[in-house]
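Chemist: Take a look at this one; I'll ask things after.
The values are calculated or read from the model by the stated rules, or taken from the named source; none is laboratory data. Not measured: the values here are computed from a predicted model. Reconstructed Cβ throughout: ideal geometry from the backbone, glycine too, with neighbour counts over all protein chains shown.
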Amino acid sequence: MLSIDLHDRVSFVTGAARGIGRACAEALAQAGAAIAVVDVDGEGAARTASEIAGRYGVAARAYACDVRDPGAIRAAVDRAASELGGLDHLVNNAGVQFVAPVPEFPDDKYANVRAIDLDSVFYMSKAAWKHLAAKKRGRIVNVASVQGLIGSPFKIAYVAAKHGVVGMTKVLAIEGAEIGITANAICPGAVMTDLVRGQAAGLVASYGGGISEEEALERAFLDAMPTKRFIEPDEVGALCAFLCSDFAVSITGAAVSIDGGWAAH
Ligand SMILES: NC(=O)c1ccc[n+]([C@@H]2O[C@H](COP(=O)([O-])OP(=O)(O)OC[C@H]3O[C@@H](n4cnc5c(N)ncnc54)[C@H](O)[C@@H]3O)[C@@H](O)[C@H]2O)c1
């Protein structure tokens, strides 16, 4: 029988208080892994960790950490490794979006998206490297986006950051190959989370108004996906758990689409 067994593994998941990160943490826990729930929202992380521990019977701890801060990243990674028994899986999931046309895109929003969505993947991977190498079966899963493969209007910071994540993933894969570390990017299409809901007002404005938030979300997301349905966070979680499993030992440097066919056209 094909089943994913991650007992005796430790997973460190950023942005895991809610949304896709939480779904990845839950899928990994369901397969038996101990979980570090890492998020800038410390209370949300604590709530999620306690629910995961209760539901799946694994060790789960919360680490409040702003992934814009390299010092906080190093501290959280080392603390989680010491408290949970090393580190097998690093899931770089924390991410934000900001939507505006290029001439109006605020400089500080550009810098913020870049720091959270791209630079943190570098600092996290660097901090986790020695722990992953020690186990000789490390997994890095970077939650990129379909927008790491193609462009969309009004998302210049996000598209640039996610293309950067796909590029970083390839370097991590090449450098990790000889020491048992795989690195892959997951490229989801539209998953109905707070990140998508939060774009509605900006999209209405960018389209020039006169449409509802629901219409704006459909135009921005569902029109692009041949399957015409929002993806469930659990679907991304299951893919993440598979990429962390022994079955995926030869999958590395890949950008795996889970996008309802968005990038196919
Ligand atoms: N929702 C989608 O349609 C979609 C599609 C493709 C890719 N993604 C990517 O999936 C990832 C998760 O997105 P989501 O939809 O679950 O979003 P979400 O807004 O529901 O959750 C994001 C999580 O990241 C945390 N976070 C934000 N800034 C942080 C920081 N500075 N430090 C630490 N944690 C921080 C938030 O507190 C939150 O818990 C992101 O990288 C996003 O770009 C999402």
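Chemist: Would you call Ala224 at pLDDT 95 or above and crowded, with 18+ Cβ neighbours inside 10 Å? Please lay out each step first, then the result.
Modeler: Values: at pLDDT 95 or above: no; crowded, with 18+ Cβ neighbours inside 10 Å: yes.
Judged against the criteria, Ala224 is not a match.
Chemist: A further question on this structure: If we scan the stretch 2-11, do we find a residue that is within 15 Å of the ligand (Cβ to nearest atom) and either part of a loop (DSSP other than H, G, I, E, B) or in the same structural domain as Ala128 (by TED's automatic domain parsing) (or both)?
Modeler: Quick first cut of the stretch 2-11, residues within 15 Å of the ligand (Cβ to nearest atom) only: none.
No, the stretch 2-11 contains no residue that is within 15 Å of the ligand (Cβ to nearest atom) and either part of a loop (DSSP other than H, G, I, E, B) or in the same structural domain as Ala128 (by TED's automatic domain parsing) (or both).
Chemist: Next question, about the same structure. On the basis of being of a type in the set (Asp, Glu), in a helix (DSSP H, G or I) and modelled with pLDDT of 95 or more, does Glu214 make the cut?
Modeler: Details: of a type in the set (Asp, Glu): yes; in a helix (DSSP H, G or I): yes; modelled with pLDDT of 95 or more: no.
When the stated conditions are applied, Glu214 does not pass them.
Chemist: Turning to a different aspect of this structure: If I filter the stretch 84-115 down to residues being among the charged types (D, E, K, R) and touching a residue at least 40 places away in the same chain (Cβ under 8 Å), which single residue comes out as farthest from the ligand (Cβ to nearest atom)?
Modeler: Step one: list which residues in the stretch 84-115 are among the charged types (D, E, K, R), which gives 88, 104, 107-109, 114.
With touching a residue at least 40 places away in the same chain (Cβ under 8 Å) added as a condition, the list becomes 88, 109, 114.
On the way: Asp88: 21, Lys109: 13, Arg114: 12 Å.
Among those that are among the charged types (D, E, K, R) and touching a residue at least 40 places away in the same chain (Cβ under 8 Å), it is Asp88.
Chemist: Let me ask something additional. Filtering the stretch 93-113 down to residues that are in contact with a Gly (Cβ under 8 Å, 6 or more places away or on another chain) and within 12 Å of Lys155 (Cα to Cα), which residue is modelled with the lowest pLDDT?
Modeler: First pass over the stretch 93-113, keeping only residues in contact with a Gly (Cβ under 8 Å, 6 or more places away or on another chain): 93-95, 97-100.
After this cut, where a residue has to be within 12 Å of Lys155 (Cα to Cα) as well, the list is 97-100.
On the way: Gln97: 95, Phe98: 94, Val99: 91, Ala100: 94.
So, considering only residues that are in contact with a Gly (Cβ under 8 Å, 6 or more places away or on another chain) and within 12 Å of Lys155 (Cα to Cα), the one modelled with the lowest pLDDT is Val99.
Chemist: For the structure I just gave you, tell me whether Arg22 is outside any loop (DSSP other than H, G, I, E, B), assigned by TED's automatic domain parsing to the domain that holds Ala161 and over 17 Å from the mean Cα position of the chain (by Cα).
Modeler: Numbers: outside any loop (DSSP other than H, G, I, E, B): yes; assigned by TED's automatic domain parsing to the domain that holds Ala161: yes; over 17 Å from the mean Cα position of the chain (by Cα): no.
Considered against the rule, which asks whether it is outside any loop (DSSP other than H, G, I, E, B), assigned by TED's automatic domain parsing to the domain that holds Ala161 and over 17 Å from the mean Cα position of the chain (by Cα), Arg22 comes out as no.
Chemist: Sticking with this one: Report, by residue number, each residue of the stretch 185-199 that is assigned to a helix (DSSP H, G or I) and not aliphatic (A, V, I, L, M).
Modeler: To start, the set of residues in the stretch 185-199 that are assigned to a helix (DSSP H, G or I) comprises 194-197.
Within the stretch 185-199, Asp194, Arg197 qualify.
Chemist: Same structure, new question: Can you name every residue in the stretch 63-80 that is surrounded by fewer than 21 Cβ atoms within 10 Å (Cβ to Cβ) and touching a residue at least 12 places away in the same chain (Cβ under 8 Å)? Quick ask: steps written out before the conclusion?
Modeler: Initial filter on the stretch 63-80 (surrounded by fewer than 21 Cβ atoms within 10 Å (Cβ to Cβ)): 64, 66, 68-72, 74-75, 78-79.
Within the stretch 63-80, Ala64, Asp66, Arg68, Pro70, Arg74, Asp78, Arg79 meet the criteria.
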